[in-house]
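First comes the structure, then the notes that go with it.
The values are calculated or read from the model by the stated rules, or taken from the named source; none is laboratory data. Remember, it's a predicted structure, so these values are computed and weren't measured experimentally. Here the Cβ positions follow ideal geometry from the backbone for every residue, glycine too, while neighbour counts run over all protein chains shown.
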Amino acid sequence: MDNPPNSAGRERPPDQPPIASEVIQGETKAFHLDLRENQRGRFLKITEEVRGRRNAIMVPNSALGEFLEALRRISAFEKELPKLEP
């Protein structure tokens, strides 16, 4: 069987390559950001990879602008905090 069934018993569509991708390396983690598309629309898949283990979240296109604005606000807030000493 080329496309194994998902948890609902339906056949999964083949994995399409991302529309756009970026990788961010941060200390011991790599973050993969992939803009993808499926039958329900576009979404951002964010995968965290640490020592071979992966965790991912999907952000639907309808929430992407709000998600990015929240990241900008948090980043601006963090810049105003006192610097941490190593």
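So which residues in region 51-86 are among the hydrophobic types (A, V, I, L, M, F, W, C) and over 21 Å from Glu37 (Cβ atoms)? Within region 51-86, Ala70, Leu71, Ile74, Ala76, Phe77, Leu81, Leu84 qualify. Close contacts from region 43-54, counting a first residue that is free of Cβ contacts under 8 Å to residues at least 12 places away in the same chain and a second that is surrounded by 14 or more Cβ atoms within 10 Å (Cβ to Cβ), with Cβ to Cβ under 9 Å and a gap of 6+ residues or different chains, come to Arg54/His32; Arg54/Thr47; Arg54/Glu48. Taking the conditions (1) in a helix (DSSP H, G or I); (2) loosely packed, with under 10 Cβ neighbours inside 10 Å in turn, Pro86 satisfies each one other than (1). The single condition among (1) modelled with pLDDT of 95 or more; (2) out of contact with any strand residue (DSSP E or B) (no Cβ under 7 Å at 6 or more places or on another chain); (3) surrounded by fewer than 11 Cβ atoms within 10 Å (Cβ to Cβ) that Arg40 does not satisfy is (1).
Of the set (1) touching a Phe, Trp or Tyr at 6+ places or on another chain (Cβ under 7 Å); (2) modelled with pLDDT under 95, all apply to Gly52 but (1).
The residues on offer are Val23, Val59, and the sole one that is part of a strand (DSSP E or B), touching a helix residue (DSSP H, G or I) at 6+ places or on another chain (Cβ under 6 Å) and either surrounded by 13 or more Cβ atoms within 10 Å (Cβ to Cβ) or modelled with pLDDT of 95 or more (or both) is Val59. So for region 9-19 (the condition being modelled with pLDDT under 90, in a strand (DSSP E or B), touching a Pro at 6+ places or on another chain (Cβ under 8 Å) and not polar (S, T, N, Q)), does at least one residue qualify? The answer is yes; a qualifying residue exists.
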